[in-house]
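The values are calculated or read from the model by the stated rules, or taken from the named source; none is laboratory data. The model shown is predicted, which means the values in this text are computed figures rather than measured ones. Cβ placement follows ideal geometry from the backbone for every residue including glycine, while neighbour counts extend to all protein chains displayed.
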């Protein structure tokens, strides 16, 4: 068993409507959402997604895979675009990093 790794807490808000929305995610979108949760820093309500890191860490190879996952998270309003490329507001009705 590996040693205990230090980390910080991210709060996932739970309700039936949130659960139903998340269950509708398909393809690589649930994995990108989990990846976002793991990358979110305390006190942050935005995320800069490094596409190459996401693809490398998840084993996907095509940039289109990332784009499809990102677009699905945007469509379901889990992420919101900012003016900066690959930087998104995180919907704090689903997750917060206190």
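Would you check which residues across region 1-22 are at pLDDT 90 or above and more than 16 Å from residue 91 (Cβ to Cβ) and list them?
16
With the structure loaded, tell me whether residue 43 is surrounded by 10 or more Cβ atoms within 10 Å (Cβ to Cβ), on the phi > 0 side of the Ramachandran plot and either modelled with pLDDT of 90 or more or out of contact with any helix residue (DSSP H, G or I) (no Cβ under 9 Å at 6 or more places or on another chain) (or both) or whether it fails that test.
Details: surrounded by 10 or more Cβ atoms within 10 Å (Cβ to Cβ): no; on the phi > 0 side of the Ramachandran plot: yes; either modelled with pLDDT of 90 or more or out of contact with any helix residue (DSSP H, G or I) (no Cβ under 9 Å at 6 or more places or on another chain) (or both): yes.
No; evaluated as a whole, the condition is false for this residue.
When the residues of region 75-98 are narrowed to those that are outside any strand (DSSP E or B) and free of Cβ contacts under 8 Å to residues at least 12 places away in the same chain, which ends up surrounded by the fewest Cβ atoms within 10 Å (Cβ to Cβ)? Full working, then the answer.
Applying the first criterion (outside any strand (DSSP E or B)) to region 75-98 yields 75-78, 82-86, 91-94, 97-98.
Still in the running and free of Cβ contacts under 8 Å to residues at least 12 places away in the same chain: 75, 83, 85.
Working: 75: 11, 83: 5, 85: 9.
For region 75-98, the residue satisfying everything is 83.
Count, please, the residues in region 1-32 that happen to be part of a helix (DSSP H, G or I) and out of contact with any helix residue (DSSP H, G or I) (no Cβ under 6 Å at 6 or more places or on another chain).
Going residue by residue through region 1-32, those that are part of a helix (DSSP H, G or I) are 16-23, 29-32.
With out of contact with any helix residue (DSSP H, G or I) (no Cβ under 6 Å at 6 or more places or on another chain) added as a condition, the list becomes 16-23, 30.
Total meeting the criteria: 9.
For region 61-91, name all the residues that are under 28 Å from residue 5 (Cα atoms) and out of contact with any helix residue (DSSP H, G or I) (no Cβ under 7 Å at 6 or more places or on another chain).
Within region 61-91, 87, 88, 89, 91 meet the criteria.
Looking at region 23-40 only, could you name the residues that are under 12 Å from residue 66 (Cα atoms) and crowded, with 16+ Cβ neighbours inside 10 Å?
The answer is 28, 29, 30, 31, 32, 33, 35.
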